Structures are given as structure tokens and as C-alpha cells.
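Trainee: Handing you this structure, nothing more for now.
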Amino acid sequence: MTSAEPGEPLVVATGVRKSYGSNLVLDGVNLTVNRGEVACVIGPSGSGKSTLLRCINHLENIDAGTIRVGGELVGYRRRGRALRELSERDAARARRHIGMVFQSFDLFPHLTALENVMSGPRFVLRRPVDQSRTQALALLDSVGLADRTQHYPAQLSGGQQQRVAIARALAMQPALMLFDEPTSALDPELVGEVLDVMRDLANSGMTMIVVTHELRFAQDVADRISFMDGGTVLEEGPPEQVLTAPQHPRTKAFLTRYT
Amino acid sequence: MARATVVGGPADLDDSSLVLPRPRIGRYLSAIVILAVLAFLGVAVARGNIGWDVVGRYIYAPGVLQGALNTVIISVLSMAIGIVLGLVGALMRLSDNVVARTTASAYVWVFRGTPQLVQLLLWYNLALIFPTIVIPGVGSYDTNSLMTPMVAGLLGLGINEGAYMTEIFRGGIIGVDAGQARAARALGMTPFTAFRRVILPQALRIALPGTSNQFVILLKGSSLLSIVQYTELLYSVKIIYDRNYAVVELLLVATAWYIAITGVFILIQNLIERRLGRSVRTTSNRRMWLA
């Protein structure tokens, strides 16, 4: 699906608009993320960050604009000058290469940690059980949960659940990982273990878009930070620029509240 | 703020103090009342004109055993029809398709809104409206010979059950956290795969108590089939008491069998519940608010 070389744009969103009824959530968002980059999206609640993320893998549809991942539209097909929404079946195929991690973990509670990680390869890619298991065990080991493979989500801490969720997304060997406030639901002492896994992932060269309130993490790991407010990207740039020398007054106001 | 102090008990309680439970007077009082009522009932039954020897003689009579077996068969088959219809009905009621949604709602309305006995009699007497049933390409059949008591019973109980099961499954599906479908879609699952692998297993666990309840109601409701002369448990004891006039004794025989069948079913239900609940059982969160 992806022909992009490292450094080339992998995700390109242009003029993305979306509203829920009369409530305009995304008001012409432009965002480009290059292959291998970690882009952090920050901004106040209700600024449209999470909605943007869900539009990128077409969990939500958009009203106007385009979003391309690896040069291809996700969930849409060009029809003359317009875009036609694909069936949910076809959209599912396009989502396979985009991993997503949610604030609420959303592990499958009736499956063990191992079965959760195997669920994508087994049920979507129809890979054989033993091959999926070997891969899942390796992934759980890489997120530090080799000793929790047979546990059900209810038996795991929030931090452990989120690490299983990351492994579950990685099992699909995605070209892009989306993180929707992955540590916001965690107890403070559990945030570190999840951020460590994400940091490792970033160092391995994974392209990541991370919606987060963890500004220190953003400062350490992000190649680029986008500040969103009112449904648009108001300011973006390298972390040192956006976090330490913000230009837009709304960015300044947001940062003083957060630090 | 005052400086922190070491947490400890008041000085007048030493370490050896016993914590006494709250007195349970209500428990003793209720036990006395219940025992008195049971004793009264026991005396009444013992003095009553019941031929216990007759009950004993017929409890394993071949006709009764056959009736009990037929009750189980028709109930299980009707429930199977109800589960299939209920699953389809629930998916239709939750569908985006307005035609499917409306059709399913109408189905639930009509079949929940009319007495089961009336539905049963209508199926049984279908020949009065349609004397022959023609299946294109297969042939035509005499309705009366098709609509045996068993077929009428299956249709009457099964389709009615489907309407109730529609609502129970719908409740189960709605009860699954919305994040589950989102996570399944994000992994690239098609709607069918997401439903089968993620939503349905969780929905079934939620729907199980309601489904069991429906099965027990259906089991007893199958006694309505005595009206269309299907030889289920009630009709089979009626055949006997119409001959020997031991009405109460044979109704007690039927009662014993209904209780026994329900008892066995409750055991099965517990097994299924334990299996479906294995992922949550290990946490004590269920007990916390039941205690």
C-alpha cells in the first residue's frame, strides 16, 4: 500500500472538514506527516484532535477535503470530481495497515492478552494459528508482558492493558500508528511504562501520530508538533519551536495552562 | 493543615477487642414464620384427599415419560427457532436499513402483542384459510396433513419466542461497549467478522440470563400444546386422568416432571454461564455490589 520512502509524506490531509450536525469539529485541517516521523497533536479538549485521528483511518467520515495515507484515499474512491465513500467492507481493507490505540484501551475482554494480539492476524489476515501465536508472543515480549500472555484484560493493570493494545495494533504490521490520548486514562504511576513502549516504537522508525497531553513526551519524541484549536491546526513545527517559542497567542495560552 | 498523625484506634479499645456482628433478629423471626407456614401446608396436604400411591404409580408410566420427553423436544426445537429468529430480528432492529428496522419492529409488535394461545390456534387451523400449500417447483400439499400438532406447535412457540429473543439479543448487543466495535474496525475487521468475533461473544453473555428465563417460560408454555392435542407432558397426563379420574394425582405427576426438567435446565444454565463468564469471573467485581 505504501510506496513512500523514508522522509516522503505518508499522511497528507488537506482541507479536512467535518461537522456533527451544526457543530463544526474540523474546519479545514491540513496536516502532513512524513514516513518515519513522530507527529504529536496537542490542543485543548474539543479542538478536534481525536476526530482528526479517527478520520485518518476512516472510523469517521469527512464532509470535505482529502486524507491520503501512502498516496491512497482511506475509505473513499475518486468519482470524477467527488469522493464516494467505500462500503464498510472495503474500508476495513484500507484500515489494515493503520494501527490505532485508544484512550480506553478497548481490549476484547473475552479474549486473553495473547488472543487479543492474535485477533488481527487470525480474524483479518486469516493467518494460521501457530504463526500468529509466535508473532504475538514476540510482540508481548517486546512490550514487557511475556509473563501476562494468558491473563484476561480484567486481570491486567491499565498500563498493561494499554501495552497489550499497542501489541495488538502492531500485530497487523501497520505502516502508520495512531495514538488517541493513550495515557489519559491511566493512573500517573502507570503512564511511564506506556510512554516507554511508545518511545521504543518511535526509535524503531515507526510513523506515528500521537494525540496527547504529555508535553514532556512530545518534547522528547516528536519530530513535529501540531497545535490544534477550534478545528484547525493553528501552529506547527519542531517541538523546541512550538513548545518553547510559540507564535500563536492561543498556543501560548494553552502552554501556560499546561506547564 | 494539622500535621499528619499516625493512624490508630481510640485509646479505650485495646488490640484484643472483638468486633461483634450486628444481631440478626430478622433472620430468626422470618425462619419461624416460614416454618409455621410450611408446617400448616404439610398438615393440609397430608390430611387432603390425595392418593400418593397413585402419584407414585404413574410417575414413571411410559405415557408420562413419553410426554415429558416430547415437552423437552418441542421446547428445545422451538427455542432453537426462537434463537435464530431472535438473532436475525435483533440485527434487523439495529440495522441502518429502515426497511429492515421497521419489519423487525412490526414482527416483535405482532407476535408479542397477541396471546400465544391465539397464535397457536391460528397455525393449527391454517387449513381453514389455505386448504392447500403450494411451493413453486416442489409441489402442492394438503395443509391439514402438513399442519400436524407438532408443526403447529413449533411454528406457534418458535415464532413467538423469536419476537422475545429479538429484544433480548438486541439488549445484549447494545450492552457491549461501543469501544469494542471501534477497536475491531480499527484492526481492519469487516462488519461480519467484528460481529462474530468481538460483539456476539460478549452480547451472548449479557443475553444469557434473559434467554434462560425465556426458555423456562417456553418450557411451561409448551403445555398450551395440549389444546392442539400434541402429546406433551400435560396432554399425556390428561389422557390418563380422563380414564381414571385421578385428576389431582396426575397433575402432581406433571408438576414433579416440570420441576425436575427445569432443575436440570438450571444446572445446564449455570455451566454455560460459568464458561461464558470465565474472563470476568476471576475479578471479584460482580460480587462487590451483590454482597
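Trainee: Using beta carbons and a limit of 9 Å, which pairs, at least six apart or on different chains, have the first residue in segment B:121-135 and farther than 11 Å from B:Gly156 by Cβ and the second one of a type in the set (D, E, K, R) and not in a helix (DSSP H, G or I)?
Mentor: Close Cβ pairs (under 9 Å, with a partner that is of a type in the set (D, E, K, R) and not in a helix (DSSP H, G or I)) amount to B:Ala127/B:Asp142; B:Pro131/B:Asp142; B:Thr132/B:Asp142; B:Ile133/B:Asp142.
Trainee: Any idea which of B:Thr114, B:Thr71 is among the hydroxyl-bearing types (Ser, Thr, Tyr), without any contact (Cβ under 8 Å) to a residue 40 or more places away in the chain and within 25 Å of B:Lys220 (Cβ to Cβ)? First the steps, then the outcome.
Mentor: Details: B:Thr71 fails: without any contact (Cβ under 8 Å) to a residue 40 or more places away in the chain.
Criteria check complete, one pass: B:Thr114.
Trainee: Further question on the same structure: Those residues that are farther than 22 Å from B:Gln180 by Cβ and among the polar types (S, T, N, Q), I need them from segment A:117-153; list them, please.
Mentor: A:Gln131, A:Thr134, A:Gln135, A:Ser142 - these are the residues of segment A:117-153 that are farther than 22 Å from B:Gln180 by Cβ and among the polar types (S, T, N, Q).
Trainee: Within 14 Å of chain A (Cβ to nearest Cβ), free of Cβ contacts under 8 Å to residues at least 40 places away in the same chain and assigned to a helix (DSSP H, G or I): does that describe B:Gly179? Quick ask: steps written out before the conclusion?
Mentor: Values: within 14 Å of chain A (Cβ to nearest Cβ): yes; free of Cβ contacts under 8 Å to residues at least 40 places away in the same chain: yes; assigned to a helix (DSSP H, G or I): yes.
Yes.
Trainee: Just wondering, is there one or more residues in segment A:83-99 that are at pLDDT 95 or above, out of contact with any Cys (no Cβ under 7 Å at 6 or more places or on another chain) and facing chain B (nearest Cβ under 9 Å)?
Mentor: Filtering segment A:83-99 for residues at pLDDT 95 or above gives A:98-99.
Those left that are additionally out of contact with any Cys (no Cβ under 7 Å at 6 or more places or on another chain): A:98-99.
Add one more test, that the residue is facing chain B (nearest Cβ under 9 Å), and what stays is A:98-99.
The answer is yes, given that some residue of segment A:83-99 is at pLDDT 95 or above, out of contact with any Cys (no Cβ under 7 Å at 6 or more places or on another chain) and facing chain B (nearest Cβ under 9 Å).
Trainee: Now, a different point. Among the listed residues B:Ile239, B:Ile173, B:Ile159, B:Ile199, identify the single one that is in contact (Cβ under 8 Å) with a residue 24 or more places away in the chain and closer than 26 Å to B:Gly56 by Cα. Working first, answer last.
Mentor: Details: B:Ile173 fails: closer than 26 Å to B:Gly56 by Cα; B:Ile159 fails: closer than 26 Å to B:Gly56 by Cα; B:Ile199 fails: closer than 26 Å to B:Gly56 by Cα.
Result: B:Ile239 is the single residue among B:Ile239, B:Ile173, B:Ile159, B:Ile199 that is in contact (Cβ under 8 Å) with a residue 24 or more places away in the chain and closer than 26 Å to B:Gly56 by Cα.
Trainee: Might you let me know whether segment A:145-159 holds any residue that is surrounded by fewer than 18 Cβ atoms within 10 Å (Cβ to Cβ), away from chain B (no Cβ under 14 Å), over 30 Å from A:Pro44 (Cβ atoms) and without any contact (Cβ under 8 Å) to a residue 24 or more places away in the chain?
Mentor: Yes, because at least one residue in segment A:145-159 is surrounded by fewer than 18 Cβ atoms within 10 Å (Cβ to Cβ), away from chain B (no Cβ under 14 Å), over 30 Å from A:Pro44 (Cβ atoms) and without any contact (Cβ under 8 Å) to a residue 24 or more places away in the chain.
Trainee: For residues in segment B:103-132 being modelled with pLDDT of 95 or more and among the aromatic types (Phe, Trp, Tyr), which is surrounded by the fewest Cβ atoms within 10 Å (Cβ to Cβ)?
Mentor: Applying the filter and picking the extreme gives B:Trp109.
Trainee: Filter segment A:160-183 down to the residues that are among the basic types (Lys, Arg) and within 11 Å of chain B (Cβ to nearest Cβ) and list them by number.
Mentor: A:Arg168 - this is the single residue of segment A:160-183 that is among the basic types (Lys, Arg) and within 11 Å of chain B (Cβ to nearest Cβ).
Trainee: Okay, next question. Among the residues of segment B:217-251 satisfying the criterion of being among the charged types (D, E, K, R) and crowded, with 17+ Cβ neighbours inside 10 Å, which is farthest from B:Arg57 (Cα to Cα)?
Mentor: Going through segment B:217-251, the residues among the charged types (D, E, K, R) turn out to be B:220, B:232, B:238, B:242-243, B:249.
If we keep only those that are crowded, with 17+ Cβ neighbours inside 10 Å too, we end up with B:232, B:238, B:249.
Details: B:Glu232: 19, B:Lys238: 15, B:Glu249: 10 Å.
In this case the residue turns out to be B:Glu232.
Matching residues to (1) in contact with a Phe, Trp or Tyr (Cβ under 8 Å, 6 or more places away or on another chain); (2) among the β-branched types (Val, Ile, Thr); (3) closer than 30 Å to A:Gly144 by Cα:
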site	(1), (2), (3)
A:Asn203	no, no, yes
A:Ile209	yes, yes, yes
A:Val221	no, yes, yes
A:Val233	yes, yes, no
A:Thr256	no, yes, no
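Trainee: Given the conditions (1) aliphatic (A, V, I, L, M); (2) within 14 Å of chain A (Cβ to nearest Cβ); (3) assigned to a helix (DSSP H, G or I), and given that B:Met189 satisfies all but one, which numbered condition is not satisfied?
Mentor: (3)
Trainee: As an exercise: evaluate A:Phe108 against (1) more than 8 Å from chain B (Cβ to nearest Cβ); (2) at pLDDT 95 or above and give the number of the one condition it does not meet.
Mentor: The single condition A:Phe108 does not satisfy is (1).
Trainee: Among the residues of segment A:96-114, which ones are more than 13 Å from A:Ala171 (Cβ to Cβ) and in contact with a Gly (Cβ under 6 Å, 6 or more places away or on another chain)?
Mentor: The answer is A:Ser104, A:Asp106.
Trainee: For segment A:137-169, give me each residue that is closer than 20 Å to A:Asp187 by Cα and either of a type in the set (Ser, Thr, Tyr) or touching a Phe, Trp or Tyr at 6+ places or on another chain (Cβ under 6 Å) (or both).
Mentor: Hits for segment A:137-169 are A:Tyr152, A:Ser157, A:Gln161, A:Gln162, A:Ala165.
Trainee: Continuing with the same structure: Pull up segment B:19-66, narrow it to residues that are among the charged types (D, E, K, R) and under 30 Å from B:Glu232 (Cα atoms), then point me to the one that is nearest to the chain's Cα centre (by Cα). Outline the logic, then answer.
Mentor: Filtering segment B:19-66 down to residues among the charged types (D, E, K, R) leaves B:22, B:24, B:27, B:47, B:53, B:57.
Checking the rest, the ones that are also under 30 Å from B:Glu232 (Cα atoms) come to B:53, B:57.
Numbers: B:Asp53: 33, B:Arg57: 31 Å.
Among them, the one singled out is B:Arg57.
Trainee: Enumerate the strands (runs of 3 or more DSSP E) found wholly within segment A:42-140, keeping only those where 3 or more residues are in contact (Cβ under 8 Å) with a residue 60 or more places away in the chain and crowded, with 21+ Cβ neighbours inside 10 Å.
Mentor: Details: elements: A:64-69, A:76-79, A:82-85, A:98-101.
The strands (runs of 3 or more DSSP E) meeting that bar are A:98-101.
Trainee: Can you name the helices (runs of 4 or more DSSP H) wholly within segment A:149-253 that have at least 3 residues being in contact with a Ser or Thr (Cβ under 9 Å, 6 or more places away or on another chain) and within 26 Å of A:Arg133 (Cβ to Cβ)?
Mentor: Values: elements: A:158-170, A:188-203, A:215-221.
The helices (runs of 4 or more DSSP H) meeting that bar are A:158-170, A:188-203.
For (1) within 14 Å of chain A (Cβ to nearest Cβ); (2) part of a helix (DSSP H, G or I); (3) more than 15 Å from A:Asp106 (Cα to Cα), each residue gets a yes or a no:
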{"position": "B:Ala184", "(1), (2), (3)": "yes, yes, no"}
{"position": "B:Arg196", "(1), (2), (3)": "yes, yes, yes"}
{"position": "B:Ala207", "(1), (2), (3)": "yes, yes, yes"}
{"position": "B:Leu225", "(1), (2), (3)": "no, yes, yes"}
{"position": "B:Thr231", "(1), (2), (3)": "no, no, yes"}
{"position": "B:Leu234", "(1), (2), (3)": "no, yes, yes"}
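Trainee: For the structure I just gave you, tell me whether B:Met79 is at pLDDT 95 or above and out of contact with any Cys (no Cβ under 8 Å at 6 or more places or on another chain). Give the derivation first.
Mentor: Working: at pLDDT 95 or above: yes; out of contact with any Cys (no Cβ under 8 Å at 6 or more places or on another chain): yes.
In short, yes.
Trainee: Being within 12 Å of another protein chain (Cβ to nearest Cβ), out of contact with any Pro (no Cβ under 8 Å at 6 or more places or on another chain) and at pLDDT 95 or above narrows it down to one of A:Phe102, A:Phe123, so name that one.
Mentor: Numbers: A:Phe102 fails: out of contact with any Pro (no Cβ under 8 Å at 6 or more places or on another chain).
Of A:Phe102, A:Phe123, the one residue that is within 12 Å of another protein chain (Cβ to nearest Cβ), out of contact with any Pro (no Cβ under 8 Å at 6 or more places or on another chain) and at pLDDT 95 or above is A:Phe123.
The values are calculated or read from the model by the stated rules, or taken from the named source; none is laboratory data. Predicted, not measured: the structure shown is a model, and the values here were computed from it. Glycine gets a Cβ as well: all are built from the backbone with ideal geometry, and neighbour counts include every protein chain shown.
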